[in-house]
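Input: a single structure, listed below in structure tokens.
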């Protein structure tokens, strides 16, 4: 990865992009070649200062930002692949990967005393462990949309999960930002596009975040889980990347030595059935 080379490449492409080809109105004579930083920033959904720092080799963009810049500049496949390579990413193509490999499934098994589940990059739950099931996470059957974390959060919130307004806002920002990144990397995935359209139509908060995405630096997910017996357990969510499969693992833990940790231990000890359960659904949602 070379951020200096990436910045040089972005600047060269920006300065050699015809404004009309990028969809900008053609007016009088321009004082600079190609696009202005402000114009590229607006088209890509970032700030002009971000573009300046990127071109100076002082920013490491996410895969989604690289894709957004490439789309704004209307570059071809070869230039897109080069930008991705310079940023340290593989160019995305085709639908969102939705299969968990053996290593990812074993990861869930290792968290036998900790509620955890796997999702794809579109927030579809792929598999859950027995501790999650014991917590009251639900059965493996049911409507497909019910197993999409973004859909459940924005459109069909579960009554047994409570968050403060601050944690809810942070959690929603993470969901929307990552889903937007996935959509940019997989523009040809029709089922993903359908999910996004439904979320934007059904949820004003999601639509607001989609149109004006927030910069997200950390995954925030502290929540109180209401167990079926009526007791509440406060848990913190951690997000682990599974890069080989392009998946995410969400792991829920309680503060060490706390009453919540003791209560979670009691609940998990009641778990029975298989260590890992695959969720029976196809496609985003």
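Throughout, read-outs are computed from the coordinates displayed, never taken from laboratory work. Quick caveat: nothing in here was measured; it's all calculated off a predicted structure. Don't worry about glycine lacking a Cβ; one is built from the backbone with ideal geometry, like all the others, and counts go over all protein chains shown.
Given a Förster radius of 35 Å and the C-beta distance between residue 33 and residue 81 as r, what FRET efficiency does 1/(1 + (r/R0)^6) yield to the nearest 0.05?
Efficiency, from the Cβ-Cβ distance: 0.90.
Taking 8 Å as the Cα distance limit and 6 or more residues as the minimum spacing, I'd like the relative contact order of the chain as a percentage.
That works out to 21 percent.
Using only Cα atoms, find the angle between the long axis of helix 3-15 and the longest principal axis of the chain, and express it within 0 to 90 degrees, rounded to the nearest 10.
The angle comes out near 50 degrees.
Scan (1) 1.05; (2) 0.98; (3) 1.13 for the value of Cα Rg over 2.2 N^0.38 Å calculated from this model and give just the label.
(3)
Taking the alpha carbon gyration tensor of region 113-252, what are the square roots of 5 times its eigenvalues, largest first, to the nearest whole Å?
They are 23, 17, 15 Å, listed largest first.
Along the Cα→Cβ direction, 7 angstrom out, place labels at residue 259 and residue 278. What is the inter-label distance in nm?
4.2 nm
Would you mind putting 181-194, 94-107, 58-71 in packing order, based on average other-beta-carbon counts within 10 Å, highest first?
58-71, 181-194, 94-107
Going by Cα centres, region 90-136 and region 9-54 are how many Å apart?
40 Å
Per residue of the chain, what 222 nm ellipticity follows from adding -39500 (n - 2.57) for every DSSP H run with n ≥ 4, rounded to the nearest 500?
Helices in the chain give a 222 nm mean residue ellipticity of -13000 deg cm²/dmol.
Would you mind getting me the FRET efficiency between residue 2 and residue 169? Use the beta-carbon distance for r and R0 = 25 Å, nearest 0.05.
0.10
Please compute the Kirkwood hydrodynamic radius of region 182-227 from all pairs of different C-alpha atoms, in Å with one decimal.
After inverting the mean inverse Cα-Cα distance, the result is 12.8 Å.
Relative to the longest principal axis of the chain, what angle (0 to 90°, nearest 10) does the C-alpha long axis of helix 77-87 take?
Approximately 60 degrees, to the nearest 10.
Tell me, in nm to one decimal, what length is gained between residue 110 and residue 207 on full extension, where the rule is 0.36 nm per residue of separation less the Cα-Cα distance?
31.2 nm
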